[in-house]
Amino acid sequence: MASQYTVAHQRSATGIPTSKLALWWLLCSEIVIFGGVLASYLMFRLTHPEWSFDASHTNTMAGSINTFVLLTSSLFAVLAHHAAEMKDGPKAARYLMMTFGGGLLFLIIKGFEWSFEISHGYTITASRFWSFYYTAAGIHASHVIAGMIIMLWVANTARKGKDLHRVENVGLYWHFVDLVWIFLFPLLYIAK
């Protein structure tokens, strides 16, 4: 008799659902990417005190607002997971859409921030600081976009009450994206 569960529902030898195990492997590889960028940035920053001048031109208010936006969106991801555990797919989908809205607001603020900086000559080629700034923030923004796309897909299936285990997985990914921002924000905006 064939199993009624898909591979994603089955448990691996570790006792962890296959989909969650795959997500943790993905997140570990992402830690290597962001860890390399952040370690390189820190090494350069510690040996280039003149970077503090460039860093003083970052928009700390925009970075602070974006930090609040992402942390709030993580709260909605937690609420979506709770709703999914209660088997309330439509409610989980609504919270995921609120999380998606937080990601969208983050990108809009980032777009205005970058437009202002670029219009004032702070481009990716203006200095090494700005190269690191745009590279780190750009890689992060691409992960925000990826998370939002996946979130739309998961919200669509959750709305129908299907594959509610995916709500937790997309939430874990979103928390990782937020955690990366928690490291980027002080390094790029506050440490002047």
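The values are calculated or read from the model by the stated rules, or taken from the named source; none is laboratory data. Note that the coordinates shown come from a computational prediction; the quantities given were computed from them, not determined experimentally. For neighbour counting, all protein chains shown are included, and Cβ atoms are generated from backbone atoms with ideal geometry for every residue, glycine included.
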*Go over the candidates 110, 160, 91 one by one and state the one that is charged (D, E, K, R) and either touching a Phe, Trp or Tyr at 6+ places or on another chain (Cβ under 7 Å) or touching a residue at least 60 places away in the same chain (Cβ under 8 Å) (or both).*
160
*Working only within the range 134-187, note down all residues that are among the basic types (Lys, Arg) and surrounded by 18 or more Cβ atoms within 10 Å (Cβ to Cβ).*
166
*What is the residue count in the range 47-81 for residues that are touching a helix residue (DSSP H, G or I) at 6+ places or on another chain (Cβ under 8 Å), at pLDDT 95 or above and in a helix (DSSP H, G or I)?*
19
*asked:* Residue under question is residue 89, and the condition is that it be surrounded by 15 or more Cβ atoms within 10 Å (Cβ to Cβ) and either under 13 Å from residue 168 (Cα atoms) or over 19 Å from the mean Cα position of the chain (by Cα) (or both); does it hold?
replied: yes
*Which residue pairs have Cβ atoms closer than 9 Å, lie 6 or more positions apart in sequence or on different chains, and pair a first residue in the range 131-155 that is more than 25 Å from residue 57 (Cβ to Cβ) with a second residue that is in a helix (DSSP H, G or I) and of a type in the set (S, T, N, Q)?*
147/99; 148/99; 150/169; 151/99; 154/169; 155/99
_Exactly one condition in (1) closer than 24 Å to residue 66 by Cα; (2) over 12 Å from the mean Cα position of the chain (by Cα) is false for residue 161; which is it?_
(1)
*Do we find that residue 2 is part of a helix (DSSP H, G or I), over 26 Å from residue 138 (Cβ atoms) and either charged (D, E, K, R) or modelled with pLDDT under 90 (or both) in this structure?*
no
